[in-house]
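Pasting in a structure now, in structure tokens, and then I'll have a few things to ask.
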Amino acid sequence: MNNNLKYYTFAFLALLFFSACDKKEYQTIVELDNSNIQDYIQKNGISVEEYENTGIYYSVVEEGTGPVIDYADKIPLVFTLKTLDGTYNSVDTFSAANRYYDFLGYFPYGSASANAPGSPLDQETGMKVILKNVLKNANGKVRIIVPSRLAYGRNGTKLIPSNASIDYLIHAIDPENIPAYEDESIRKYIASLGFQPSDFEKTSTGIYYKVDALGTGEFLNENTNFQAAYDLKFLDGASFQKADSATFNLKEVIPAWREVMPKVKESGKIRMLIPSAQAYGFEGRKDQNTGAVAIPPFASLDYEVEVIKVRN
């Protein structure tokens, strides 16, 4: 074999060797997702099964006892989610990040994404498959481990990193059961504050209230303009919004305020634990400037209010 032939043979074999090494080190996104999910399942001892070779793993945590649901229905969902690598973990079910009220088949993106170019909602993939075929009845719970390619992909979001597979726990609530669900949540919250439900009065509409100071003068009425300080919390106890002084008219406030605020006078103090039907309902409230969710759907609220001055 002449020297030139030896040289080219060696070069060709070297190229094959390094090419093989490159192929061995490279993982497709499917392989990466599967590897991450299998490691996560084994590390945490999770009992799940793959759904029809989709790469999605699931388990039915609770069979639903409510009506049959369809993913074309609007369903209230309470859910938690965390990335498998632990970089994002959202388990506070009372926050805007953990509540959803929209078409079941649009979860988790929402209607706003339905008509966007390239929307994942255009395809029968991802969680839509599980929500359509596994979550049969309201009041059911399902755990879903979604590979990154069927979630937020390589772009991720502001909170969820690139190529992050996600572990969801989703509870679909029968809309007719929301009042009972919220009443139980409020009662648990009362206990967490160190009170008993009997320490509060309860209205026929489900509002728990406690008058801490009656105040002086006349009781507020439906025509009252008044200046007040307030502190608004969700049922995780974290303050969402507060003000030292704001002006209100009882005709222009949420139903709970119209019902309960007339129980105090000027300088009066009152605390209200309010089910969503007496606040912002299934839709919640969006920020007027940004359009982002400010108060999540079907959120119970904790208001502490002090009437500073009546301005009739």
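Roughly speaking, what is the stretch gain from residue 27 to residue 236, that is 0.36 nm per residue apart minus the C-alpha to C-alpha distance, in nm to one decimal?
Contour length minus the Cα-Cα distance gives 71.1 nm.
Of 64, 179, 151, which is farthest along the charge dipole of the chain in the positive direction, counting Lys and Arg as +1 and Asp and Glu as -1 at C-beta?
151
Projected onto the charge dipole of the chain (+1 at Lys/Arg Cβ, -1 at Asp/Glu Cβ, origin at the Cα centre), which of 289, 106, 79 gives the Cα projection farthest towards the positive end?
Result: 289.
Could you tell me whether segment 178-310 comes out rounded, prolate or oblate from its Cα gyration tensor? Rule is a ≥ b ≥ c as square roots of the eigenvalues, rounded for a/c under 1.5, then prolate if a/b exceeds b/c, otherwise oblate.
oblate
Follow-up. With charges set only on the Cβ (+1 for Lys and Arg, -1 for Asp and Glu), what does the dipole of the chain come to about its Cα centre, in debye to the nearest 20?
In total the dipole reaches around 580 debye.
Provide 65, 54 in ascending order of the number of other Cβ atoms located within 10 Å of each residue's Cβ, fewest first.
65, 54
Give a residue-ordered list of calculated ³J(HN,Hα) values for segment 183-195 (Karplus: 6.51 cos²θ - 1.76 cosθ + 1.60, θ = phi - 60°; whole Hz; x for Gly, Pro).
5, 5, 4, 5, 5, 5, 5, 4, 5, 5, 7, x, 10
If you fit an axis through the alpha-carbon atoms of helix 29-44 and take the longest principal axis of the Cα set of the chain, what angle between them do you get, 0 to 90°, nearest 10?
Tilt of helix 29-44: around 60 degrees.
How far is it, in nm, from the label point at residue 158 to the one at residue 283 when both lie 7 Å from their Cα along the line to the Cβ?
Those two pseudo-labels are separated by 2.3 nm.
Under 8 Å for C-alpha pairs, at least 6 residues apart: give me the relative contact order for segment 81-180, rounded to a whole percent.
28 percent
Find how much the distance from residue 44 to residue 245 grows on full extension, using 0.36 nm per residue of separation minus their present alpha carbon separation; answer in nm with one decimal.
67.4 nm
Compute the length gained on full extension between residue 252 and residue 221: take 0.36 nm times their separation in residues and subtract their Cα-Cα distance, giving the result in nm to one decimal.
Once the chain is fully extended between residue 252 and residue 221, it gains 9.9 nm.
How would segment 29-173 be classified by its alpha-carbon gyration tensor: rounded, prolate or oblate, with rounded meaning a/c under 1.5 and the a/b versus b/c comparison settling the rest?
Note, shape of segment 29-173 comes out rounded.
Putting +1 on Lys and Arg Cβ atoms and -1 on Asp and Glu Cβ atoms, find which of 44, 241, 301 reaches farthest to the positive end of the dipole of the chain.
Positive-end residue among those listed: 241.
Another question, then. Which of 165, 35 comes first, and how do the rest follow, when ranked by fewest Cβ neighbours within 10 Å?
Listed from fewest to most nearby Cβ atoms, that is 35, 165.
Over 24 Å between C-alpha atoms is what I'm after, so list which of 74/286; 263/286; 251/286; 132/188; 82/132 land there.
Over 24 Å apart, Cα to Cα: 263/286; 132/188.
In addition: For the chain, would you read off the P(r) tail past 34 Å as a percentage of all alpha carbon pairs?
Of all Cα-Cα pairs in the chain, 40 percent lie more than 34 Å apart.
Taking the simple approach of a point 7 Å from Cα along Cα-to-Cβ for both residue 192 and residue 35, what is their distance in nm?
4.0 nm
Place a point 7 Å from the Cα of residue 199 along the Cα-to-Cβ direction; which residues of segment 248-277 have their backbone N under 20 Å from it?
It comes to 269-275, nothing else.
Which value at 222 nm does the chain reach when only helices count, each DSSP H run of 4 or more adding -39,500 (n - 2.57), with the total divided by all residues and rounded to the nearest 500 deg cm²/dmol?
When only DSSP H runs of four or more count, the value is -7000 deg cm²/dmol.
Can you sort 183, 92 so the residue with the fewest Cβ neighbours within 10 Å comes first?
Ascending number of Cβ neighbours within 10 Å: 92, 183.
Here, each number is a calculation from the coordinates, and none is a lab measurement. Remember, predicted model here, so these are calculated numbers, not experimental data. Ideal geometry is used to build each Cβ from the backbone, glycine not excepted, and the neighbour counts take in all protein chains shown.
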